[in-house]
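Below you'll find the structure, written out as structure tokens, and then a few comments.
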Amino acid sequence: MDAKATSVPATGARCAQHPETPASGLCDRCGAFVCFECELPWENRSYCPPCSHRVKGLFGGSWFSIFAAIAAFLSLGCGALGLVAIVLAAVDLARIAAGHGQRGGLKLDLIAIGLGVIGLAIGAAIVLRLASGEAPSFDP
Ligand SMILES: [Zn+2]
Ligand SMILES: [Zn+2]
């Protein structure tokens, strides 16, 4: 009857996070029992919530927050990227607020927005200097 037999034997194993819910599988990292609700697939493997936060990379943040931070750092040299960083960080913050994002990315998002604003300010200053006819040099 059960065509989709899992690796978990029907021994009444329960989810590590939800003691009342029968386990549907095992975490590929720590081997903890997970239920359908907790099982988090990532790159052809499934993880429990704590492990998924670890394997999903840097600081537990989502790719949005990581790219936002990278764009923010680059924006210090190219102001236009500051806008990209702010947009990416804002999207990630919205996702976190909606409960879909990785809360670990929160700090990264805020850093990205801060650096993005600085990058945009530097970029604007350079554009203003160009517009005022001065050579785009950084002489103090
Ligand atoms: Zn795990
Ligand atoms: Zn669960």
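The values are calculated or read from the model by the stated rules, or taken from the named source; none is laboratory data. As the structure is a prediction and not an experimental result, all values here were calculated from the model. Cβ atoms come from the backbone with ideal geometry, glycine included; neighbour counts cover every protein chain shown.
Before moving on, here are some points about what is shown:
- Only one of S62, S75 that is under 14 Å from the mean Cα position of the chain (by Cα) and among the hydroxyl-bearing types (S, T, Y): S62
Every residue, every condition in (1) among the hydrophobic types (A, V, I, L, M, F, W, C); (2) away from ligand 1 (no atom under 16 Å from the Cβ); (3) without any contact (Cβ under 8 Å) to a residue 12 or more places away in the chain, yes or no:
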residue	(1), (2), (3)
A16	yes, no, no
L88	yes, yes, no
I96	yes, yes, no
G123	no, yes, no
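- Top-ranked residue of region 1-22 - restricted to ones that are among the aliphatic types (A, V, I, L, M) and modelled with pLDDT under 85, ranked as nearest to G104 (Cα to Cα): V8
- Check on A90, within 30 Å of A121 (Cα to Cα) and hydrophobic (A, V, I, L, M, F, W, C): yes
- Residue list for region 23-37, filter: within 12 Å of ligand 2 (Cβ to nearest atom) and either surrounded by fewer than 15 Cβ atoms within 10 Å (Cβ to Cβ) or at pLDDT below 90 (or both): F36, E37
- When region 44-86 is filtered for residues that are buried (at least 23 other Cβ atoms within 10 Å of the Cβ), modelled with pLDDT of 85 or more and among the hydrophobic types (A, V, I, L, M, F, W, C), the ones remaining, listed by number, are C48, A68, A69, A71, A72, A85, I86.
- Of the listed requirements (1) among the hydrophobic types (A, V, I, L, M, F, W, C); (2) in a helix (DSSP H, G or I); (3) surrounded by fewer than 24 Cβ atoms within 10 Å (Cβ to Cβ), A89 misses just one: (3).
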